[in-house]
Amino acid sequence: MPKIYIERREELGDYAIRRQGSKKASDTTPTQGEAIERAAEIDPSATILVERVRDTNRGSRDKWRKP
């Protein structure tokens with residue numbers, strides 16, 4: 001099953017929608033909710049994974065979660 005990732009872009013304050021293995025955003029939206037909706041439109045059969053916007057004590061973002 002394909003995966004679509006939604007990542008917060010802190011420098012721009014928006015959300016990038018990326019297909020699995022993609023280095024470039026296929027789309028961006030101003031809110032996480034809109035990004036989830038857009039990802040479902042791009043590929044309704046894909047698993048959508050959203051980046052948790054919280055830092056861990058390991059110095060990086062936490063793991064992905066389903067919306």
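The values are calculated or read from the model by the stated rules, or taken from the named source; none is laboratory data. It should be emphasised that the depicted structure is a prediction, and the values quoted were computed from it without experimental measurement. In this analysis, Cβ positions are derived from the backbone assuming ideal geometry, glycine residues included, and neighbour counts consider all displayed protein chains. Only protein heavy atoms, including side chains, enter the accessible area calculation; ligands, DNA and RNA are left aside. Shrake-Rupley method; radii C 1.70, N 1.55, O 1.52, S 1.80 Å.
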>> From zero outward in steps of 5 Å, how is the percent of C-alpha pairs of the chain spread across the bins?
In response: 4, 19, 29, 27, 15, 6, 2, 0
> Spin-label point model (7 Å from Cα, Cβ direction): what's the residue 40 to residue 22 distance in nm?
Replying inline: 1.8
> For residue 27, what accessible area in Å² do you get when you roll a 1.4 Å probe over the heavy atoms of the protein chains, rounding to the nearest 10?
Replying inline: 40
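Can you tell me the length gained on complete extension of the stretch residue 32 to residue 10, counting 0.36 nm per residue apart and subtracting the Cα distance? Walk me through the numbers before you get to the answer.
Working: separation 22, 0.36 × 22 = 7.92 nm, distance 1.26 nm.
Working it through step by step, the gained length comes to 6.7 nm.
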>> Skipping prolines and chain starts, which residues have an amide H placed within reach, meaning under 5 Å, of the one on residue 14, given they are 5 or more residues away or on another chain?
In response: 9
>> Using only Cα atoms and rounding to the nearest 10 degrees, what angle (0 to 90) does helix 32-42 make with the longest principal axis of the chain?
In response: 30
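Within the range 8-52, list the trypsin sites (Lys or Arg not before Pro) lying in a DSSP loop whose Cβ has at most 16 other Cβ atoms in a 10 Å radius. Numbers along the way, then the final one.
Working: sites: 8, 9, 18, 19, 23, 24, 38, 52; in loops: 23, 24, 52.
Loop-located and lightly packed - 23, 24, 52.
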